[in-house]
1. Please give the charge dipole size of the chain, origin at the Cα centre, charges +1 on K and R Cβ atoms and -1 on D and E Cβ atoms. Round to the nearest 20 debye.
2. Just order 32-41, 97-106 by mean Cβ neighbour count inside 10 Å, highest at the front, would you?
3. Suppose R0 equals 22 Å. What FRET efficiency, 1/(1 + (r/R0)^6) with r the Cβ-Cβ distance, do Ser79 and Lys136 give to the nearest 0.05?
4. What's the center-to-center distance, using Cα atoms, between the range 99-173 and the range 184-234 in Å?
5. Can you list residues whose amide H is under 5 Å from Leu110's amide H, if they're 5+ apart or on another chain and H is modeled 1.01 Å from N?
6. Would you please give the FRET efficiency between Phe107 and Asp167, computed as 1/(1 + (r/R0)^6) with r the Cβ-Cβ distance and R0 = 30 Å, to the nearest 0.05?
7. Please turn the phi angles of the range 45-53 into ³J(HN,Hα) values with the Karplus equation 6.51 cos²θ - 1.76 cosθ + 1.60 (θ = phi - 60°), one per residue in order, whole Hz, x for glycine and proline.
8. Kirkwood Rh over alpha-carbon pairs of the range 12-53, then Stokes-Einstein at 4 °C and 1.567 mPa s: what D in µm² s⁻¹, rounded to an integer?
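Just so it is clear, none of the values below were taken in a lab; they were calculated from the coordinates. Because the structure is a prediction, the values reported are computed rather than measured. No Cβ is skipped: glycine too gets one built from the backbone with ideal geometry, and neighbour counts run over all protein chains shown.
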Amino acid sequence: MKYVLSDFDGTLTNENMIGPEFLQVLSLLQEKKIKIVIVTGRSLSWAHFLLTHYPIHAVIAEGGGVIVFEDLNLRVFSSDEDLTKLDDLSEELLNNFPEISLSADSFGRLCDRAIELSLLEELNLLDEVKKFLKGKCHFSYSNVHLNFWLGDISKQRASLDFCQMNDVLPKDTIYFGDAPNDQGMFREFPESVGVSNISTYLDQLKFRPKYILEGKDKEGAKGVLYFLRNSSKV
Ligand SMILES: [Mg+2]
């Protein structure tokens, strides 16, 4: 096992916080000389923060729109044309729904835009917004955001590219996730793990992780730490 690939929100966090288990995961992997790549819907600015503050090998951010390497070089998967269209679409969306706003981290986003799910649920606009976006762009949601983008961008496409660049086969990695936006990874990466909070979404998943953790004590980063400590795969 050379690499651990992992989603961030809900998978390496607990109750939306970076807790002690996250740091324990990072030190355990350092001890075992296994590199960690975070594969997240979070923005480019988040990738920069994570890479400059923690021992992380690379961050695949914005749902696969961009890979940020340890030396902070980027590989961007969106075309310039798609980025211009995305700006126009965001404007149209906000004109149609004046009561919503883009997520606070959208200013640090390059390839996609996000809206806080809590805001859409509060305003009871989730279905309406999804209806508006349908056919105009791609969208997906994590446990915190509704993300939308244009072009062929996905966590799995960027992750497969990353593996190829580093001469690693998907079967020689482990992927951890917790939500519907991890399904493509569960499909492409045979050794995948769902932390126990994935239970909320299990009925909606077309592709499930190979291992599904159970119990409150195996939610988020606690589950990742448990698996890394106890699995013969690591
Ligand atoms: Mg997540």
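1. Roughly 1020 debye, rounded to the nearest 20.
2. Ranking the peptides 32-41, 97-106 by packing returns 32-41, 97-106.
3. So, using R0 = 22 Å, E works out to roughly 0.85.
4. 20
5. Amide H neighbours of Leu110: Leu44.
6. Given R0 = 30 Å and the Cβ-Cβ separation, E is 0.25.
7. Karplus values, whole Hz, x for Gly and Pro: 5, 5, 4, 4, 4, 4, 6, 8, 10.
8. Rounded to a whole number, D works out at 113 µm²/s.
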